[in-house]
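Right, one structure below, let's go through it.
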Amino acid sequence: YVDDEENEGELKTWHHNRFRWFDKGVVEQEIKDRTDNKKPWLVDQAGTSLCGMACIFYLFAKEQPNDYKVFVKKLFRTGEAKHNSYTVKPSIEVLEKKMNINKKAENTGGMPLVDYITMAGTRNTDNPDYKGGDEEFQAINWPPLMTKLSEEFLGYKNVVSKGVYNPVKPLAYTSHDVKVKIDDINKQLDNAYKLIFMIDADLIDDHCDVSSLDLHWVVLDSPIAWNYIPSFFVAKKDE
């Protein structure tokens, strides 16, 4: 029995983190970077198809940093954590993931440890076929899941999904239609809505692809610039 811990002594009980192969110091620094250091953009899906999860946890770390800390630390420590009405409880395959020599999660294209814990853990909870590796199809985040996590996990009250871009049946828009859509998007942003888009990845890195199925989830943080004078199908750049 220790009557005076400060002057006489201290008895510490060692606890095992549930993600037992991960370096606690690295995880804590990554949490700090995304919250205290105000760098939520460090959330990184690396070589996985977890772009939807990256959007969710980017918004979580940015908008609710204290809750993000509590959630991540609980998940790392116990292997299960709840935020709002959504519980994340990954399977043994995710919990037993090892760390490589560069202190990244193995077989995920170099995903930071904290992002693996949160994003792989959440995706596996919804789809147990995703085992926390670099599986492409199983890791994909479809709109119903994004809507569910926005409501039940992030706690947003007014969540609307506008459907999915269909590359098999492209739509022809006039440049005026495009301007109207962009103006509407920018207005929503001005009204403090959080906007997550499923886009063609060619908007980020334009490359030739046959299938046009390289879709990617992104968060819109700033207004879209439209420097063109609308006309029919084509637009003249406004100098």
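Worth pointing out:
- Of the set (1) of a type outside the set (A, V, I, L, M); (2) modelled with pLDDT under 95; (3) assigned to a helix (DSSP H, G or I), all apply to Asp67 but (2).
- Just so you know, in the stretch 152-170 the residues that are at pLDDT below 95 and touching a strand residue (DSSP E or B) at 6+ places or on another chain (Cβ under 7 Å) include one that is surrounded by the most Cβ atoms within 10 Å (Cβ to Cβ), and it is Tyr165.
- Matching residues in the stretch 131-149 - criterion: being at pLDDT below 90 and of a type in the set (Gly, Ala, Ser): Gly133
- Of residues in the stretch 90-133 being part of a helix (DSSP H, G or I), touching a residue at least 12 places away in the same chain (Cβ under 8 Å) and open to solvent by 60 Å² or more (accessible area, probe 1.4 Å), the one nearest to Glu30 (Cα to Cα): Glu93
- All of Leu75, Leu59, Leu149 fail the test of being surrounded by 14 or more Cβ atoms within 10 Å (Cβ to Cβ), farther than 24 Å from Asp200 by Cα, of a type in the set (A, V, I, L, M, F, W, C) and in contact (Cβ under 8 Å) with a residue 24 or more places away in the chain, apart from Leu75.
- Among the numbered conditions (1) without any contact (Cβ under 8 Å) to a residue 60 or more places away in the chain; (2) surrounded by 22 or more Cβ atoms within 10 Å (Cβ to Cβ); (3) not hydroxyl-bearing (Ser, Thr, Tyr), the only one that Lys69 does not meet is (2).
- Of all residues in the stretch 187-204, those that are under 22 Å from the mean Cα position of the chain (by Cα) and in a helix (DSSP H, G or I) total 5.
- Qualifying positions in the stretch 70-121 - at pLDDT 95 or above and on the phi > 0 side of the Ramachandran plot: Gly79, Asn84, Lys103
The values are calculated or read from the model by the stated rules, or taken from the named source; none is laboratory data. All of these numbers come straight from a predicted model, not from anything done at the bench. Positions of Cβ are generated from backbone atoms using ideal geometry, with glycine treated the same way; all protein chains shown enter the neighbour counts. Accessible surface is based on the protein model in full, side chains and every heavy atom, while ligands, DNA and RNA are left aside. Shrake-Rupley method; radii C 1.70, N 1.55, O 1.52, S 1.80 Å.
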